[in-house]
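I have placed the structure first, in the form of structure tokens, so that the comments after it can refer back to it.
The values are calculated or read from the model by the stated rules, or taken from the named source; none is laboratory data. Every value quoted in this text rests on a predicted model; they were computed, and no experiment measured them. Please note: Cβ atoms are built from the backbone with ideal geometry, for glycine as well, and neighbour counts cover all protein chains shown.
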Amino acid sequence: MEIRDKNGLTEQEFLKVYAQKNYPKPALTADLVVFSENIDAILLVKRGGHPFLGRWAFPGGFANADESVEQTALRELREETGISTLCEDDIYEIGLFSTPGRDPRGWVVSNVYAAKVDPAQIVVKAGDDAAQAQWFCLDYKNGEFTLTNGDIRLTGDADKSDLAFDHNRILIKTIEKFSK
């Protein structure tokens, strides 16, 4: 005997009439915050395309239908920075970022991960849609951060920053989670 819902439908009958258009779907992305082992440096990529062309951000991008978001994070890291030595056991989930308007392309939700690495053991090379990939020295105090690399100085807090998207909020949450 088949199980029927309150409308008398079996699951198969329900799925035939289910209208996906009634339930808009967000685009799913993954971002990966890569710290030095002492959390005093962070890896950023300079965006090579819109939106936020020329702004610094974490490696990340859109998930493919045939991969997990962890796989997305690692693939995007590899494509944008050349780092291919990390695996799923090396990354830690930070959280889901879904504030409306976080991405000007539309409803985009990002699952964020973090990893610690030894920068001396990693060769970074920009690729895919990243114009550059660079390590930045990180200074974080009382909810405010400064990221420096030579003459480049990026600052921010929870409300504003020089980083693309909502990566200021991602950075602060990641630092606070790793500092516990």
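Here are some notes:
- Candidate set: the range 4-48, residues that are in a loop (DSSP other than H, G, I, E, B) and aromatic (Phe, Trp, Tyr); chosen: the one farthest from Thr72 (Cα to Cα): Tyr18
- Test: residue in the range 105-119 that is over 24 Å from Gly49 (Cβ atoms), out of contact with any Gly (no Cβ under 7 Å at 6 or more places or on another chain), among the acidic types (Asp, Glu) and free of Cβ contacts under 8 Å to residues at least 12 places away in the same chain: no
- Of all residues in the range 135-161 being acidic (Asp, Glu) and in a strand (DSSP E or B), the one that is surrounded by the most Cβ atoms within 10 Å (Cβ to Cβ): Glu144
- Search result, residues across the range 96-134 that are closer than 19 Å to Asn64 by Cα and not in a loop (DSSP other than H, G, I, E, B): Leu96, Phe97, Val108, Val109, Ser110, Asn111, Val112, Tyr113, Ala130
- Qualifying residue in the range 60-74 (condition: at pLDDT 95 or above, of a type in the set (Phe, Trp, Tyr) and either touching a Gly at 6+ places or on another chain (Cβ under 8 Å) or loosely packed, with under 15 Cβ neighbours inside 10 Å (or both)): yes
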